[in-house]
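Worksheet: one structure, shown below.
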Amino acid sequence: EHVSFLTEIIKQLWDYLNVAGGDMIRETMEPVLSKMTPAIFLQKMDLGHVPIQLDNIVVHQIDKEKGILQFDMDLIWDGECDIQL
């Protein structure tokens, strides 16, 4: 199936995904950084203005009765991330 609409959805929601993704990365990384060096923490986490693109998407039906699908895809991101410690 052709599911390029996912890339369009990501593009339209990127401003929100950027904030949510940045928060998720911060929540994941800060405990790791604090164990290494307590003085290091993330000041800023911005994934930039270029949204992630999905390409070569292939959908596999794993279990028809349970409605389980598997997506294989290439994730392309040419963004300019801004991370400040």
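The values are calculated or read from the model by the stated rules, or taken from the named source; none is laboratory data. Because the structure is a prediction, the values reported are computed rather than measured. Note that each Cβ is placed from the backbone with ideal geometry, even for glycine, and that neighbours are counted across all protein chains shown. Keep in mind that these areas ignore ligands, DNA and RNA; they rest on the heavy atoms of the full protein, side chains included. Shrake-Rupley method; radii C 1.70, N 1.55, O 1.52, S 1.80 Å.
Among the residues in the stretch 19-39, are any farther than 24 Å from residue 80 by Cα, modelled with pLDDT of 90 or more and acidic (Asp, Glu)? No, the stretch 19-39 has no match at all. Filtered by the rule that a residue be β-branched (Val, Ile, Thr), in contact with a Phe, Trp or Tyr (Cβ under 8 Å, 6 or more places away or on another chain) and either open to solvent by 80 Å² or more (accessible area, probe 1.4 Å) or within 28 Å of residue 31 (Cβ to Cβ) (or both), the stretch 51-85 gives a lone residue, 52. Within the stretch 11-24, the only residue that satisfies the criterion of being over 10 Å from residue 46 (Cα atoms), of a type outside the set (Phe, Trp, Tyr) and surrounded by 15 or more Cβ atoms within 10 Å (Cβ to Cβ) is 17. For first residues located in the stretch 31-44 and on the phi > 0 side of the Ramachandran plot, partners that are open to solvent by 60 Å² or more (accessible area, probe 1.4 Å) and lie 6+ apart or on another chain with Cβ distances below 7 Å do not occur. Scanning the stretch 18-72 for residues that are assigned to a strand (DSSP E or B) and aliphatic (A, V, I, L, M), we see that the one that is nearest to the chain's Cα centre (by Cα) is 54.
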